[in-house]
Structure formats: C-alpha cells, structure tokens
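Below is one structure, written out as structure tokens, with a few remarks after it.
We did not get these values from a lab; they are worked out from the coordinates using the rules stated. Quick caveat: nothing in here was measured; it's all calculated off a predicted structure. Here the Cβ positions follow ideal geometry from the backbone for every residue, glycine too, while neighbour counts run over all protein chains shown.
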Amino acid sequence: MTDQLSFDAAAALSSRPLLAGLEQKVAPEHTALVVIDVQNDFCAPGGMMDREGSDLTAVQEMAQALPRLVDEARRAGVLVVFVRNVYNTEPNRYLSDVWLEQAARRRKGSYTVSAVCAPDSWEGDFYGEARPVQGDPVVTKHRFSSFYNTDLETVLRARSIRTVVLAGVASNVCVETTAREAFVRDYYVVFLSDGTATYDRSAHEATLRVIDQFFGQVASIDQVIGCWTPRRRERATVEDAYAHNPS
C-alpha cells in the first residue's frame with residue numbers, strides 16, 4: 001500500500017483537513033513552541049542532575065541551540081510557551097508518597113535530602129539564554145507531563161493551536177511524557193531531535209524512535225526554522241507595508 005493511498009484514506013475519514021508534512025504542521029498560525037524544563041537543576045553545574053553524577057554535555061549543547069530557535073519562532077509569529085517544574089516546597093505540597101518512595105530508591109537523595117526546583121530558587125530558575133519575555137505564557141507543573149494539572153491546554157486551545165513543537169529536557173522523561181499526552185489529546189507533535197536532550201545518548205535515540213513510530217514527527221531545529229523563514233519574511237513584508245500605509 002502506498003503512502004499516498006493511506007493519506008487519501010485518512011483525509012476521507014478525517015473531520016477536518018489533515019496537516020500533512022512538516023511545513024503544514026508547523027505553520028505559525030496554529031503552532032506553539034513548548035520549551036520544557038530548561039532549568040538549572042537539570043542543565044547547570046551544581047544542579048540536581050550534576051549532583052547525581054549525570055553527564056551534562058548533551059543538555060548544555062541543546063540549551064545553547066535554543067535561543068536561535070526561540071527567536072525565530074517569535075519572528076515568525078509562533079506562540080512560545082515555557083514550562084517549568086516546581087517540586088519541593090516547605091511544607092511539602094506536591095510530592096506524594098509514591099513520588100518520594102521512587103526518589104528514595106533511585107535518585108541519590110534528590111527530592112528527599114536535597115530539594116529540587118524549589119520556588120524562587122536558583123535551582124528552579126531557567127538555564128541559559130532562552131528565557132520568557134513579556135507576553136510568553138509560563139506554565140508551572142509538578143509532574144513529568146506538561147499537561148497534568150496545569151493550564152497548558154487552556155493556553156493552547158485559546159489560541160487554536162493544532163501543533164506543538166517540543167524542545168527541552170529530558171527528552172526521555174518530561175518531554176516524552178508531554179509528547180505522548182499531547183498526541184492522545186489530538187495535537188500534532190513535532191519532536192526536535194537536536195532541540196531536546198537527555199543524559200544518555202542511547203536513551204535519547206530510543207525516545208526518538210518511539211515518538212516517530214507512534215506519537216509524532218521527529219525533525220531538526222534547522223528543518224523547522226526552514227519552514228518558518230518564508231512565513232517570517234511574508235509577515236515582515238505585511239508589517240512594513242502597514243507601517244508605511246496604516247490606512
């Protein structure tokens with residue numbers, strides 16, 4: 001069976017036009033770039049993952065690539081959403097017995113002996129140069145999924161978003177969990193191969209394979225920006241014309 005035959009059958013079954021191909025999926029008018037958990041505890045020397053002994057190389061390289069991605073998204077008119085964790089509080093408000101038991105077994109004192117992403121802490125602050133600016137929604141979460149008990153879906157539905165482009169850390173934990181939930185909530189998922197990262201290359205590659213087969217399309221930062229660049233030029237032309245002739 002050819003891909004075209006499958007797409008034709010899918011289009012006939014769908015209640016609205018399919019977004020077929022990367023360019024259609026990431027069109028700025030219905031796309032949000034969701035930047036997940038790029039915080040000091042997960043990316044910076046002295047943060048949680050560094051204290052646990054993880055190799056930060058990949059996540060720091062990813063973080064260095066994000067400012068260009070975020071800038072291009074804003075220029076193209078793409079909604080940019082930042083997601084951050086708040087886990088430990090005093091007194092404890094968010095960490096259940098299940099979470100704490102898992103942490104006690106596997107996390108080398110994180111969440112139990114050492115706080116993780118506490119409110120207003122350096123550990124919970126955004127890492128690197130990709131940061132929210134005025135007008136960017138900032139979603140706070142307390143679990144791996146960016147949707148679970150947050151207002152992310154309200155933000156997306158209010159803007160008629162159909163596609164989420166996912167960036168951030170860790171690709172095989174919070175970003176993957178968000179991708180899976182986005183898909184089952186009927187969003188197109190574009191998962192950035194070099195705009196996401198984790199602490200083990202094989203785990204990252206495994207996530208990319210799973211996402212590509214079951215939950216979304218894997219693409220590079222350059223591929224996505226390449227789809228946005230013509231739209232950005234069109235937008236700039238329209239804005240320039242309006243500035244010279246506002247009537």
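Summary of values
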read-out: Label-point gap, in nm, between Tyr94 and Arg143 - each point 7 angstrom along Cα→Cβ; value: 1.3
read-out: Shape metrics for the range 75-179, restricted to C-alpha atoms - Rg then Dmax, Å; value: 15.0, 45
read-out: Three-way shape call for the chain based on the alpha-carbon gyration tensor, with the a/c threshold at 1.5; value: prolate
read-out: Ellipsoid equivalent to the range 1-107 - semi-axes via the Cα gyration tensor, in Å; value: 38, 21, 16
read-out: Pairwise label distance in nanometres, Glu101 with Asp3, each label 7 Å out on the Cα-Cβ vector; value: 4.6
read-out: In sequence order, calculated HN-Hα J values of the range 195-208 (Karplus, 6.51, -1.76, 1.60; Hz; x Gly/Pro); value: x, 10, 7, 9, 9, 8, 4, 5, 5, 4, 5, 4, 4, 4
read-out: Nonlocal amide H pairs with Ala170, under 5 Å, H built at 1.01 Å; value: Val175
read-out: Percentage of interatomic Cα-Cα distances in the range 127-203 larger than 15 Å; value: 59
read-out: Estimated [θ] at 222 nm from DSSP helical runs (n ≥ 4, -39500 (n - 2.57)) normalised by residues in the chain, nearest 500; value: -12500 deg cm²/dmol
read-out: Euclidean distance between Cα centres, the range 147-204 to the range 42-80, Å; value: 15
read-out: Amide H contacts of Ser220 (H built 1.01 Å from N, under 5 Å, at least 5 apart or other chain); value: Ser193
read-out: Estimated inter-spin distance, Arg185 and Thr57, nm [label 7 Å along Cα→Cβ]; value: 3.5
